[in-house]
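J.: Here it is: the structure, laid out below.
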Amino acid sequence: MSAIINISSLKKDYYIGEVTVHALRGIDLQISQGEFVAIMGASGSGKSTMLNIIGCLDRPTSGTYYLDGINVAELSKNERAAIRNRKIGFVFQAYNLLSRTSALENVELPLMYNPGIKAKERKERALAALEAVGLQERMDHMPNQLSGGQQQRVAIARSLVNDPVVILADEATGNLDTRTSYEIMALLQELNEKGKTIVFVTHEPDIARCGTRNIVFRDGHLIRQEEVSNRLIATETLKALPVEED
């Protein structure tokens with residue numbers, strides 16, 4: 001399979017006063033099309049810095065990063081923004097939905113930056129994305145009318161609407177209870193089975209086992225990566241969970 005993400009000798013330094021913080025210390029990483037990769041590590045290990053660079057939110061101090069064949073490290077800020085909008089879908093722990101905007105309008109939002117897409121097509125694509133996450137019947141609901149799990153499904157629909165080459169999820173189950181977490185993982189596994197590449201940051205070992213490969217960071221180094229041998233299938237895990245009484 002071709003590498004969607006190809007990272008070589010990547011370093012990232014931050015300067016705080018006269019102190020240099022080495023957030024990433026020479027990372028080599030390839031992620032192929034169709035993989036479901038979980039990135040793990042303690043706070044300060046470099047995993048969030050890695051995700052920000054993969055997501056074109058930050059740029060490395062040195063090294064190379066190719067996303068879908070494009071050398072991202074050489075792009076200007078505006079060029080990175082264009083690539084980010086076209087090729088990457090984001091899902092955050094805090095959902096990041098606009099509070100006074102319907103589910104449908106929240107999903108349409110990334111398409112607003114593409115002048116080539118007319119309002120009719122924007123709505124059609126947003127509806128299709130909501131349907132893909134099972135929320136088409138809630139399209140007119142505001143975020144405060146949706147549960148946490150439903151809000152995260154809207155966020156996932158928003159990440160899908162531009163048909164990105166990769167979905168980046170940062171602690172996407174961090175604010176959710178166990179059952180809802182596995183419902184979100186079941187949805188992400190379903191999207192992955194349809195060919196979507198997913199990179200997922202988590203600190204929860206069980207959630208990481210829903211991926212196909214785990215990558216572990218420590219002190220700015222990639223210390224371990226391994227295929228998941230006993231992968232958790234989220235739909236099966238859900239069946240085994242006790243039914244909660246109302």
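The values are calculated or read from the model by the stated rules, or taken from the named source; none is laboratory data. Being a predicted model, the structure only gives us computed values, none of them experimental. With ideal geometry, Cβ positions are generated from the backbone for all residues, glycine too; neighbour counts draw on all protein chains shown.
J.: Taking the stated definitions as given, is residue 103 in contact with a His (Cβ under 7 Å, 6 or more places away or on another chain) and aliphatic (A, V, I, L, M)?
T.: Yes.
J.: Could you grab the pairs with beta carbons closer than 7 Å, sequence gap of 6+ or different chains, first residue in the stretch 205-220 and in contact (Cβ under 8 Å) with a residue 24 or more places away in the chain, second one part of a helix (DSSP H, G or I) and crowded, with 16+ Cβ neighbours inside 10 Å?
T.: That search, which allows pairs on different chains as well, returns 207/181; 207/185; 210/185; 210/189; 210/234; 214/208; 217/47; 217/50.
J.: Keeping to the stretch 137-157, report how many residues are in contact with a helix residue (DSSP H, G or I) (Cβ under 6 Å, 6 or more places away or on another chain), part of a helix (DSSP H, G or I) and either of a type outside the set (S, T, N, Q) or surrounded by fewer than 16 Cβ atoms within 10 Å (Cβ to Cβ) (or both).
T.: Adding up the residues that qualify gives 5.
J.: Residue 209 passes all but one of (1) crowded, with 17+ Cβ neighbours inside 10 Å; (2) within 16 Å of residue 93 (Cβ to Cβ); which number fails?
T.: (2)
J.: Please determine whether any residue of the stretch 113-121 is without any contact (Cβ under 8 Å) to a residue 12 or more places away in the chain and among the basic types (Lys, Arg).
T.: Yes, that holds for at least one residue.
J.: Additional query: Could you say whether any residue in the stretch 188-203 is of a type in the set (A, V, I, L, M), more than 26 Å from residue 87 (Cα to Cα) and at pLDDT 90 or above?
T.: no
J.: Name the pairs whose Cβ atoms lie under 8 Å apart, with the first residue in the stretch 222-242 and without any contact (Cβ under 8 Å) to a residue 12 or more places away in the chain, the second among the polar types (S, T, N, Q), and 6 or more positions between them or separate chains?
T.: 224/214
J.: From (1) in contact with an Asp or Glu (Cβ under 8 Å, 6 or more places away or on another chain); (2) without any contact (Cβ under 8 Å) to a residue 40 or more places away in the chain; (3) within 22 Å of residue 189 (Cβ to Cβ), pick out the condition that doesn't hold for residue 20.
T.: Of the numbered conditions (1) in contact with an Asp or Glu (Cβ under 8 Å, 6 or more places away or on another chain); (2) without any contact (Cβ under 8 Å) to a residue 40 or more places away in the chain; (3) within 22 Å of residue 189 (Cβ to Cβ), the odd one out for residue 20 is (3).
J.: Could I ask something else about it? Filter the stretch 158-188 down to the residues that are in contact with a strand residue (DSSP E or B) (Cβ under 8 Å, 6 or more places away or on another chain) and within 15 Å of residue 203 (Cβ to Cβ), then identify the one that is surrounded by the most Cβ atoms within 10 Å (Cβ to Cβ).
T.: 172
J.: Does residue 242 meet the test of being in contact with a strand residue (DSSP E or B) (Cβ under 9 Å, 6 or more places away or on another chain) and either farther than 18 Å from residue 31 by Cα or modelled with pLDDT under 90 (or both)?
T.: The answer is no for residue 242.
J.: Right, another one. Against the condition more than 22 Å from residue 197 (Cβ to Cβ) and either buried (at least 16 other Cβ atoms within 10 Å of the Cβ) or touching a Ser or Thr at 6+ places or on another chain (Cβ under 7 Å) (or both), how does residue 11 come out, does it pass?
T.: Yes: the conditions hold for residue 11.
J.: Considering (1) closer than 21 Å to residue 240 by Cβ; (2) among the basic types (Lys, Arg); (3) at pLDDT 90 or above, say which one residue 158 fails and leave the rest.
T.: For residue 158, the failing item is (1).
J.: Could you check, for the stretch 156-177, whether at least one of its residues is of a type in the set (Lys, Arg) and without any contact (Cβ under 8 Å) to a residue 60 or more places away in the chain?
T.: Looking through the stretch 156-177, none of the residues is of a type in the set (Lys, Arg) and without any contact (Cβ under 8 Å) to a residue 60 or more places away in the chain.
J.: State which residue is nearest to residue 189 (Cα to Cα) when the search covers only the stretch 213-246 and only residues that are in contact with a Gly (Cβ under 8 Å, 6 or more places away or on another chain) and of a type outside the set (A, V, I, L, M).
T.: Taking the candidates together, the pick is 231.
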